[in-house]
Amino acid sequence: MSAVKYMTYMTERIGPLPFCPGCGHQLLIKALDKALVLLQYDPNDVVIVTDIGCIGLSDRYFVTNAFHGLHGRAITYACGLKLAQPKLKVITIMGDGGCGIGGTHLLNVARRNIGISLIVGNNFNYGMTGGQHSVTTPTGGLTSTTPWGNIEGPMDLCGTTVAAGGAWIYRATAFDKDLPQILAQAIEQKGFSFIDVWELCTAYYSPRNKIKKKDLFQLLENYGFKLGLLVDKPRPEYSDHYWQAYEAGKSVIKKSPPIEKKFEHAVEKQTGIVIAGSAGQKIKSTATLFAQAAMFSGLETTQKDDYPITVMTGHSLAEIIVSPERIDYTAIDSPDFFIVISEDGLKRSRHRIEQLAETCVLFADETLELPKTAAQVVKLPLIEISRKIGRLSIGIIALAAALKHTALFPVQAFEKAITTFQKASIAKINIKAIQTGIEMIPGE
């Protein structure tokens, strides 16, 4: 904690708090200020995270750091801040509406025990947008969306958080005299802390349902919801483990070798290449090697893959773009080169092949019955030859043949990518596959 004595953590430079007269948010936010005064943290070490909603307007009234985001997502921002900067004191303020919208976030922050403090201003409705019912609206509650009474039961926020494994959980009301001390205790927790603060919405819910302070306590009694500390079971905090795992992992993760230009290329414009095959033919990894070869030749490159949700069955397609300039448009509307090496690939791309332009060169296995196309067709015994080299090398053979035909960049760049990024035993087979592919194309 800072040695400087802060008398308040709030600023009046932008005026008074923006809440309706009698709103419970006013009591809660002032209690939070008193809690921070008790703790005396350096404002630079504290961040208050909010989202959309009446109470979400409060972050800018503090002299701490602040983060304001989308409705129901405050927990996600807070978790990201804590994981990135574990030393920060991250205080999240939400309404009951935000808890409903971001319910899965509430479950997971409690389950993981990420060290943020979550304060909920629970006034049973969406106050900012006209008083619609929320997940905590009591049964029978009158709101703009339940004018005949709410037929749903209220969500027990504390009970939900308990079930998810929350380490420190407290239920309070905005009228509690010791609320500043409770909030300070919550903020000091190492792991996740949760405070459900029941309060009154004097603009909508309270007048519609004629609820005053005593009725708030009666609601608690009716539902059997206890006030006070419900759970205090400290356990290891997530971000500590996260960084420990990261530091340990750095020593075992193998870094990829850098790719630096070593060859010249003959590519004058953005060029699109499509290779269509079957799952299990190493289409994606082969396309990646080809793209890396292009990078060794000083080219910009992108890769996009297409495959079904199944494994080792169905089609596998890869689109590769190579360009001497920056690639801003990553789709291939009209391929310059198209390679088809299996029935699965043909079936998936049949319609596309029919639409190929006459400027496109289509490389295909000689056994495939191609649809009518304007493309220049080059038929090769890819399947037959791959059986002699290794069936998993068919993509390498096809791309090597295409590379020899097109002369986009040196074949040696393809070999460089293979020897750099593949194990020696596999690289040996694929280097042979490259030579085989080159020999398929007549030339120098």
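The values are calculated or read from the model by the stated rules, or taken from the named source; none is laboratory data. Just so it is clear, the model here is predicted, and its values are computed rather than measured. Note: ideal-geometry Cβ built from the backbone for every residue, glycine included; neighbour counts use all protein chains shown. SASA here: full protein model, heavy atoms, side chains in, ligands and nucleic acids out. Shrake-Rupley method; radii C 1.70, N 1.55, O 1.52, S 1.80 Å.
Points worth noting:
- Any hit, the range 46-55, residues being on the phi > 0 side of the Ramachandran plot and not hydroxyl-bearing (Ser, Thr, Tyr): yes
- Within the range 410-426, the set of residues being over 15 Å from Leu399 (Cα atoms) and part of a helix (DSSP H, G or I) comprises Thr419, Thr420, Phe421, Ala424, Ser425, Ile426.
- From the options Asp365, Asp333, residue that is at pLDDT 95 or above, out of contact with any Phe, Trp or Tyr (no Cβ under 9 Å at 6 or more places or on another chain) and within 21 Å of Thr271 (Cα to Cα): Asp333
- The residue that is surrounded by the fewest Cβ atoms within 10 Å (Cβ to Cβ), counting only those in the range 353-368 that are out of contact with any Leu (no Cβ under 8 Å at 6 or more places or on another chain) and free of Cβ contacts under 8 Å to residues at least 40 places away in the same chain, is Glu358.
- Filter result for the condition that a residue is at pLDDT below 95, within 31 Å of the chain's Cα centre (by Cα) and open to solvent by 40 Å² or more (accessible area, probe 1.4 Å), over Ile101, Ile52, Ile14: Ile52
- For the range 388-428, a tally of residues being within 21 Å of Ser342 (Cα to Cα) and surrounded by fewer than 17 Cβ atoms within 10 Å (Cβ to Cβ) returns 3.
- Subset of the range 288-329 [at pLDDT 95 or above and among the β-branched types (Val, Ile, Thr)]: Thr288, Thr301, Thr302, Ile320, Ile321, Val322, Ile327
- Considering the range 64-175, the qualifying strands (runs of 3 or more DSSP E), each wholly inside and each with 1 or more residues that are touching a residue at least 24 places away in the same chain (Cβ under 8 Å), among the aliphatic types (A, V, I, L, M) and closer than 22 Å to Ile48 by Cβ, run over 89-95, 116-122, 168-173.
- One residue stands out in the range 296-316 among those that are among the aliphatic types (A, V, I, L, M) and surrounded by fewer than 22 Cβ atoms within 10 Å (Cβ to Cβ): the one that is nearest to the chain's Cα centre (by Cα), namely Ile309.
Here is a yes/no grid of residues against (1) in a helix (DSSP H, G or I); (2) touching a residue at least 40 places away in the same chain (Cβ under 8 Å); (3) farther than 30 Å from Cys158 by Cα:
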| site | (1), (2), (3) |
| --- | --- |
| Pro236 | no, yes, no |
| Ser239 | yes, yes, no |
| Trp243 | yes, yes, no |
| Val252 | no, no, yes |
| Val274 | no, yes, yes |
| Gln281 | no, yes, yes |
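- Residue in the range 199-209 that is part of a helix (DSSP H, G or I), surrounded by fewer than 19 Cβ atoms within 10 Å (Cβ to Cβ), over 34 Å from the mean Cα position of the chain (by Cα) and free of Cβ contacts under 8 Å to residues at least 12 places away in the same chain present: yes
- Qualifying position, being of a type outside the set (Gly, Ala, Ser) and under 39 Å from the mean Cα position of the chain (by Cα), among Ile389, Ile383, Ile441, Ile418: Ile418
- Here is the figure for the range 210-229: residues that are open to solvent by 20 Å² or more (accessible area, probe 1.4 Å) and at positive phi total 2.
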